[in-house]
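Asks: A single structure is presented below for examination.
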Ligand code: SF4
């Protein structure tokens, strides 16, 4: 498995909690950016001659990919068709903001190989959406799902956030029930984070917004798990739920230590065999200039064994398959396996971790609620 990620950093406005790399530069920047993406595809070696590796998933993330003008989106897929080798059954996802999903946009999407849409709904409470400075309303989000489903896009994923200012357990329960009633096959839900440098972080420091208490966040998470499972979804990763055959293949490649290539300003690439991760610069103008000059605007980090082991623990313990001790021994040696087992023992005895298939460490339901502590105990 290998994934290709393309970062589209354009947003019409900024949400107060967001710390992803994105910019509100005007649409005039989009075509030069897309042309630079086409050149980066060539520079990164995904040549048109079929020599490039085959990708099993393509993910257009952001930013807001649905903010691309029709010309820019068509041109991006032209470059992809010229320079990228996609597996015949590749999962092709685009992130969309609900208010961009119009009949015209859905018709445009049908010209492309996109077969999965991921939408940041976050909440179905208009007051909360306004507080977060989301551009859409709850009814726009629901309408967007209907439009996509009517056009044949069954593979939809929605994102929710819990632990929001002003949110109650009752309100969040209603949100989850309404979202599940839409018949979507994939749901992601994250606890609100107060990331340094965001307006939300500043507002908390100034006292104009208060953080939901931990108990409420925990209750929301418990309720989410119950409702998603009642609706027939598998809880396959700490923050992700899917119906059978609808797990995110692209995100699974991150959790499974598979290689991925990231194109665009702020995108990351990972090559487990070469033990290397690289990061493109987070600046559209600098990115275009560097690509124009024939240089990848990337910094590279060599990953030592401890870093790779820590990442393995963090990513695998988040999944329902868990952390394979056989794999730990194969990749990091017998000593590291022993260390891992020793550190997991108190959690196994307390019922926070269980062994699956006799050898993989998995979080139990009790363990899910203290996952950060368990993960940090198993790290070096
Ligand atoms: S639309 Fe998405 S990427 Fe843009 S500011 Fe909001 S959360 Fe961040």
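Asks: For the stretch 3-254, what number results from the quotient of the Cα radius of gyration and 2.2 N^0.38 Å?
Replies: Compactness ratio reported: 1.03.
Asks: Also: Go ahead and estimate [θ] at 222 nm for the chain from helices alone: -39,500 (n - 2.57) per DSSP H run with n ≥ 4, summed, over the residue count, rounded to 500.
Replies: The helix-only estimate for the chain comes to -12000 deg cm²/dmol at 222 nm.
Asks: So which residue, out of 52, 351, 262, gets the largest mean-square fluctuation from a GNM of the chain using Cα contacts under 10 Å as springs?
Replies: Of 52, 351, 262, the most mobile in the Gaussian network model is 351.
Asks: Considering just Cα atoms, how many Å³ per residue does the convex hull of the stretch 262-380 enclose?
Replies: 118 Å³
Asks: Which one, 136, 268, 347, has the greatest fluctuation when you compute a Gaussian network model over the chain with C-alpha springs under 10 angstrom?
Replies: 347
Asks: For q = 0.09, 0.20, 0.21 Å⁻¹, what log10 I(q)/I(0) does the stretch 155-295 give under the Debye formula with an equal point scatterer on each alpha carbon and no solvent?
Replies: -0.42, -1.12, -1.15
Asks: Once the convex hull of the C-alpha atoms of the stretch 58-163 is built, how many Å³ does it hold per residue, rounded to a whole number?
Replies: Spread over its residues, the Cα hull of the stretch 58-163 gives 102 Å³ apiece.
Asks: Follow-up. Distance between the C-alpha centers of the stretch 171-185 and the stretch 3-30? Whole Å please.
Replies: Cα centroid of the stretch 171-185 versus Cα centroid of the stretch 3-30: 27 Å apart.
Asks: Can I ask one more? Which three extents, in whole angstrom, do the alpha-carbon atoms of the stretch 217-304 cover along their principal axes, largest first?
Replies: 54, 30, 25
Asks: While we're here: So how far, in whole Å, is the C-alpha centre of the stretch 73-111 from the one of the stretch 206-283?
Replies: Cα centroid to Cα centroid, the span is 22 Å.
Asks: Need one word for the stretch 1-138: rounded, prolate or oblate. Basis is the Cα gyration tensor (sqrt eigenvalues a ≥ b ≥ c); a/c below 1.5 gives rounded, then a/b vs b/c decides.
Replies: prolate
Computed from the coordinates by the stated procedures, all read-outs in this text should not be read as laboratory data. Treat the numbers as computed from the prediction; the structure is a model and nothing was measured.
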